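Below you'll find the structure, written out as structure tokens, and then a few comments.
Values in this text are rule-based calculations from the coordinates and carry no lab data. Given the structure is predicted, the values throughout are model-derived calculations rather than measurements. Quick reminder, even Gly has a Cβ in these numbers, built from the backbone with ideal geometry, and neighbours come from all protein chains shown.
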Amino acid sequence: MNLLIYGAGGLAKEIYDIVLRSTPKKYKEIIFIDDFVEEAPFYLSQTIHFDSIKKGFPDTNSIEGIVGVGEPSYRELLATKFDEAGIRLATIIDKTALVSQTAQIEEGSIICEYSTIHANVHIGRGCLIQPYCDVGHDIEFGNYSVMSSNCAPGGSSIFGKRVYMGMNSTSKEKIVIGDDAIIGMGAAVFRDVDPGATVVGNPARVTKGNSDHKVF
């Protein structure tokens, strides 16, 4: 089996390291995809263009894909490209992560080092949980959402699709965060957040919308 990481930035390199550390014998090759530069050696491996996959790997059963970018809308876009090419999404969980046996983690998701996923949590498709997050019990985390380092969402909450939680942010238990919402770095959320809203501060307040569905 081979792994294709779609992206060639800092996050992609972190994913490469997680895979080597946690499942060193699972993949024969780990290759990066970058459509914006020439194919070349890169970070102990190489980059190729997405269009080169069929040439290098004519049997899609021999490869899995993972999205290595942190923008929620791009995570969805690139995962869809893998789907359309018939490439199965991998699920990456660092060996230091603590994951309840009752948690459900969908394909394409990444759980980074030292994060904790508590009882009855559902992590949707293509999500990214970065290091040192503490994901409270019974949380629903929607597809392609991103939780940056050191986040601590309260239990029994519902997060929509493509939600972004900035570093060191937290949220009260039993609240609802709408699709495409952005929670700023260090924010403390005490009430529901409407779809497409951006909130910052403690207590978190709405600052602007997210009509273009972009974080960065």
Starting from the 7 Å offset along Cα-to-Cβ, what nm value, one decimal, do you get for the label separation of Asp35 and Thr102? 4.2
Tilt, helix 72-84 to longest principal axis of the chain (alpha-carbon atoms), in degrees rounded to tens, equals 40
Note to self: Kirkwood Rh of region 2-90, Cα pairs, one decimal, Å, is 13.0
About the Cα centre, charge dipole magnitude for region 1-131 (Lys/Arg +1, Asp/Glu -1 at Cβ), debye: 440
Report ³J(HN,Hα) in whole Hz for each residue of region 146-151, in order, from the Karplus equation J = 6.51 cos²θ - 1.76 cosθ + 1.60 where θ = phi - 60°; Gly and Pro get x. 10, 10, 6, 4, 6, 8
Based solely on its DSSP helices, what 222 nm [θ] is calculated for the chain when runs of n ≥ 4 H residues each add -39,500 (n - 2.57) and the sum is averaged over all residues, nearest 500 deg cm²/dmol? -4000 deg cm²/dmol
Using modelled backbone amide H atoms (1.01 Å from N, in-plane), which distant-in-sequence or interchain residues come within less than 5 Å of Arg125's amide H? Asn143, Tyr144
Spin-label model distance (nm) - Ser52 vs Asn202, 7 Å beyond Cα toward Cβ: 4.7
Contact order normalised by length for the chain, with contacts defined as Cα pairs under 8 Å and 6 or more residues apart; what percent is it? 11
What distance in nm separates the simple spin-label points at Ser156 and Asn61, each placed 7 Å from Cα in the Cβ direction? 4.7
Below 8 Å between Cα atoms, with a sequence gap of 6+, how large is the relative contact order for region 1-83 in percent? 38
I'd like the projected area of region 157-198, averaged over all directions, using the convex hull of its alpha carbons. Report it in nm² with one decimal. 2.3
Whole-Å semi-axes of region 46-184's equivalent ellipsoid, largest first, each the root of 5 times a Cα gyration tensor eigenvalue? 28, 15, 13
